[in-house]
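Inspection log for the structure reproduced underneath, given as C-alpha cells.
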Amino acid sequence: MNVLNIAWKEIKTGLRDTKTFLLMLAFPIVLILILGTALSGAFSTSVKVGDMKLLYRSEVTSPQLAEYWNGFLKAAESQGIRAVAAEAGADGRKAVRDNRYTAYAELGDNGIRFYGSSKVSIETNILQGMLTVFADRYNLVAAAVKENPAAVPGIVAAWTDAGDYVREASVDPKRQPGSIDYYAMAMTTMFALYAAFSATYLIQGEHARKTAIRLSAAPVSRAEVFAGKIVGCTFYNFLILLAVVLFSKLAFDADWGSRFGIVLAVLATEVLLAISLGLALGYLLKGEGSRSVLMIFLQIASFAGGAYFPFGETEGVIHLLLNLNPLMWANTALMKVIYENDALAALPAIGLNAAVAAAFLILAVIAMRKREAL
Amino acid sequence: MNVLEIRNLTKKFGDFAAVDNMTLSVREGEIFGFLGANGAGKSTTINMIASLLRSTKGEIDLLGRSISANARFAKSNIGIVPQDIAIYEDMTAYENVRFFAGLYGLRGETLKERTAEALEFVGLGDKHKSYPKNFSGGMKRRLNIACAIAHRPKLIIMDEPTVGIDPQSRNYILNSVKKLNEMGSTIIYTSHYMEEVEEICTRIAIVDHGKIIADGTKEQLKSIITDTKEIWIGVRSAEPVQVEALKAIPGVLSVRVEEQTVMVSSKAEVGNLNRIIQQLIKDQAEIRSVEEQAPNLEAVFLTLTGRNLRD
C-alpha cells in the first residue's frame, strides 16, 4: 500500500507540473517534425514518373492487328498514357527530340519501330516495355491464328486488363518506414531513455527538499520507497511516451504497425530500464556528477542507436558494440514488429530491458544498504 | 513510566564521537528540553532516536522496546518535526499531511479525519487547499508540525521548530506544543531560544561535546549556580569597555557585552563589584545602572559550558 501511496504521489506531482509535462511532450514531437521533414529524401523509396505521351503512326493493314492495337491504346490510356496519332507528313522523331512526346512508335505489318527520349529514361522504358509486351503477344496471336484459330479469342480475352501491360514490382518486398515513421519511433525510444534524467532526482530531490528525513523516519522500508518511486516515475514517463506515440500517429500519420500492445510493451520496459539506470547513477554519483555521466551516455547511445539516422548493415565488432546499446535493441525490435509484423522480435528487447533494469536496481540497493539513511 | 530510555549511547564518525556514552530518560507527559550549542550532539542523538542514524554503541528503548529490534514499532510511535521545513511545495497542505500520515498506516476515513484534525490543530484548516509555496514562513512551520502529528505519535521530537518565524507564529507554535502535551504526547524540544525552553519545558538536559552535563527541572538547573552572581551594568555605549580587563578581576567568570549592557558573571562570594565599576569608569563607559540578576538558564548554560547557546 505504501508503494502505491508513494507511486501515486509521484504521478500526481509529475502531472501537476504542466510546464515540464508539455516540454517533455513537445521536444520529441518537434524533433520528429524537423528530422522527419528535413531528411524525408533519405527515406524515399519511390520515384516520381512524369506524364507519358506516345506519338504513333499506324500503317497496319491487318484488321486483326489494327483491332488489337486499338485495344492496347485503350489499356494504355487507362494507365495515364496519352497516345496521339501522328499527322501525315509529321516527323515523329523530331517531335520526341523537341521533347513534345515521350516516345514515337511506327506500327507496320512487319513490326513496331520505337524511338524513345533519352531525357526521360524511366518514362521511355515504361513505354518500351509495354510495347514489347504488346509485340510479343501480337506474335503469339499471329502464330495462334495460323496454328489454332479457335484459341485466339481466349488468349485475347485474357489480356484485356490494363494491368497486364504494367505490373508493379519491388526490389525489396518488405515494408519500409518513411522519414516521419522512422523518427517517430527513433525519437520516442530516445526520449524513453531520457527518462533516466528525471530518475536521478528521485532520491536526490527528496534530500534537496529535506523530505528524505520524513520518509526515513516513517515506518516504511527503503525498498518500499524505492519501489514506489520507480513505479510512479515509470508510469509518468510512460504516459508522456504514450502521448508522443498517439500524437505522432494522429497528427503525422506515423506508422506504428498493427501490434500496438507489443510496441508499448517494448517502450514500457525501456522506460523501466532508464529509470533504474538513473536511480542507480543518482545513488552512486551524488549531485550533478550523475547527470553529467548520464548526458554523455545518452548522447552516445542516441547517436549509436540510430536516433538521428538509421545505421545500415554492420558486421563484426562494430555490430556487437552497436547492439549493446539499449536504444539499438529497442529500435531493431520495433522495426521488426512494425514493418515485418514479427511480434516475437520484441521478446529479446523486452527481456534485455527487464534484465538490465534489474541489474541497475540491484546496484542501487547495494549502494543504499551502505548508507544509514535514505 | 519512561517513554524513552537511552543507555550509554555513542555515535562516532571516524574518530570523532558526536555522542559520547550518553544516558538519559524521558518520562511520559514531559516536555523535555534538549539544550546544546551547534555541534554539541543534539541532532545526532535525535537522529538516532528517530532511527535515521545507527548508533555505534549503546541502547535506545521506546515504550520499553529496543528501537533497533523494533524499528517499525518505534517509527510508528514517533513524530518528527525537522529543523528544516520538510514539505512538498507542489502539493496542497491537505495532500502533504495526508501523504505523510498515509505512510504511518492510516487509511480511509481515519486518514481523512486525522489529516483534517492535524491541519485544524495548527490553524491551517481553512488553508487546506492552498499550496505551501504561497505560505508565510510561520505557516510553513505549522504545516511542518501538522505532518508530524496526524498519526498521533506517543513521542514528538521537535528540532528547532520556531527558527526564522514571526513572534505571532512562534507563540502559536509554543501554545500548540503545550496543547499537544496536554493531549498526552511526550515531547522532546530543542531550541536556540532559551526563553522558549524556559517557558515550556518541564525538564531540561544540557548537552556539550556529546555528553549530558546537566539534567533536571529549570529550578534544579538554576540551583546549580547559586555560587555565582550575574551583574548587569547599563552603559551609554559598551564600545570602550575593555573586556579582558574585566575578566582579569578576581572572581569574574565571564563577561558578555551588548550595545548598552555589560553582563558579568562572577563568583558570589567574591566582593568585586567596586573593582568592576572602577574598571568601567576607567574605560569611560558612562555607567547608567547596575543590577544583580537572578540566575537564569542562559547563565547556567554559560557557566556549565563556558559558551553561549548560540555560539
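The values are calculated or read from the model by the stated rules, or taken from the named source; none is laboratory data. This one's a predicted model, so the numbers in the text were calculated from it and none came from an experiment. As a convention, Cβ positions derive from the backbone with ideal geometry for all residues, glycine included, and neighbour counts pool all protein chains shown. These area figures cover heavy atoms from the full protein model, side chains too; ligands, DNA and RNA do not enter into them. Shrake-Rupley method; radii C 1.70, N 1.55, O 1.52, S 1.80 Å.
When the C-alpha to C-alpha distance is required to be over 29 Å, the pairs from B:K112/B:K154; B:K57/B:K179; B:K140/B:K222 that qualify are B:K57/B:K179; B:K140/B:K222. In whole Å, how far is the Cα centre of the stretch B:196-246 from that of the stretch B:35-98? That distance is 29 Å. In this label model, A:A243 and B:K267 are separated by 7.6 nm, measuring between points 7 Å along each Cα→Cβ vector. Note on the stretch B:2-217: with charges restricted to the Cβ of Lys and Arg (+1) and Asp and Glu (-1), its dipole about the Cα centre is near 640 debye. Apolar share of the accessible surface for chain A: 63 percent from carbon plus sulfur atoms, 1.4 Å probe.
The simple spin-label model puts a point 7 Å past each Cα toward its Cβ; for B:F16 and A:A251 those points are separated by 5.4 nm.
Computed from Cα atoms, the angle from the helix A:179-193 axis to the main principal axis of chain A rounds to 10 degrees.
The fraction of Cα-Cα pairs per 10 angstrom bin, counted from 0 for the stretch B:132-238, comes to 12, 37, 29, 17, 5, 0 percent, rounded to whole percents. Mean projected area of the Cα convex hull of the stretch A:222-374, taken over all directions, amounts to 10.2 nm².
Non-local lysine pairs in the stretch A:52-164, meaning eight or more places apart or on different chains, with alpha-carbon distances under 24 Å, amount to 4. Counting only Cα atoms, the size of the stretch A:235-277 along its three principal axes is 32, 18, 13 Å, in decreasing order. Derived from the Cα gyration tensor, the three semi-axes of the equivalent ellipsoid of chain A are 67, 19, 17 Å, largest first.
Provide, for q = 0.10, 0.12, 0.18 Å⁻¹, the log10 of I(q)/I(0) from a solvent-free Debye sum over equal Cα point scatterers in the stretch A:1-156. Calculated log10 I(q)/I(0) at the listed q: -0.55, -0.67, -1.07. Angle of helix A:326-339 to the longest C-alpha principal axis of chain A, folded into 0 to 90 degrees and rounded to 10: 40°.
Ignoring ligands, DNA and RNA, what accessible area per residue does the stretch A:52-164 give at 1.4 Å, in Å²?
Working: 6420 Å² over 113 residues.
That works out to 57 Å² for each residue.
Compute the FRET efficiency between B:R275 and A:A358 as 1/(1 + (r/R0)^6), taking r as their Cβ-Cβ distance and R0 = 60 Å, and round to the nearest 0.05.
Values: r = 78 Å, r/R0 = 1.30.
That pair, B:R275 with A:A358, gives E of 0.15.
The modelled label-to-label distance for the pair B:R72/A:L347, using points 7 Å beyond Cα in the direction of Cβ, is 3.9 nm.
Its relative contact order, with pairs defined as Cα atoms under 8 Å and 6+ residues apart, puts chain B at 20 percent. Would you please state the base-10 log of I(q)/I(0) at q = 0.09, 0.14, 0.15 1/Å for chain B, with intensities from the Debye formula using one equal scatterer on every alpha carbon? Log-scaled intensity ratios, in q order: -0.54, -1.05, -1.14. Note on B:Q260 and A:N323: with the Förster distance fixed at 56 Å, the Cβ-Cβ geometry gives a FRET efficiency of about 0.10. The residues of the stretch B:93-121 occluded by other protein chains by 50 Å² or more of accessible area, set against the chain on its own, are B:F99, B:L103, B:R107; surface from heavy atoms, 1.4 Å probe.
Total Å² of accessible surface buried at the A-B contact, 1.4 Å probe, nearest 100? It would help to have the intermediate numbers written out before the result.
Working: alone 20270 and 14990 Å², together 32690 Å².
About 2600 Å² of accessible surface is lost on pairing.
For the protein assembly as shown, a crude dipole built from +1 on the beta carbon of Lys and Arg and -1 on the beta carbon of Asp and Glu, taken about the Cα centre, is about 760 debye to the nearest 20. For the stretch A:215-243, a reduction of at least 20 Å² in accessible area between the chain on its own and the assembled protein chains (probe 1.4 Å) is found at A:L215, A:S216, A:A217, A:A218, A:P219, A:V220.
The calculated FRET efficiency for the pair B:S136 and A:V49, based on their C-beta separation and a Förster distance of 56 Å, comes to about 0.15. The eigenvalues of the Cα gyration tensor, multiplied by 5 and square-rooted, give the protein assembly as shown an equivalent ellipsoid with semi-axes of 91, 26, 21 Å from largest to smallest.
Please list, or write none, the lysines whose alpha carbon is within less than 27 Å of the alpha carbon of A:K249, excluding same-chain residues fewer than 8 places away. Result set, ordered by chain and number: A:K12, A:K19, A:K48, A:K174, A:K336.
Axis angle, to the nearest 10 degrees, between helix B:108-121 and the longest C-alpha principal axis of chain B: 20 degrees.
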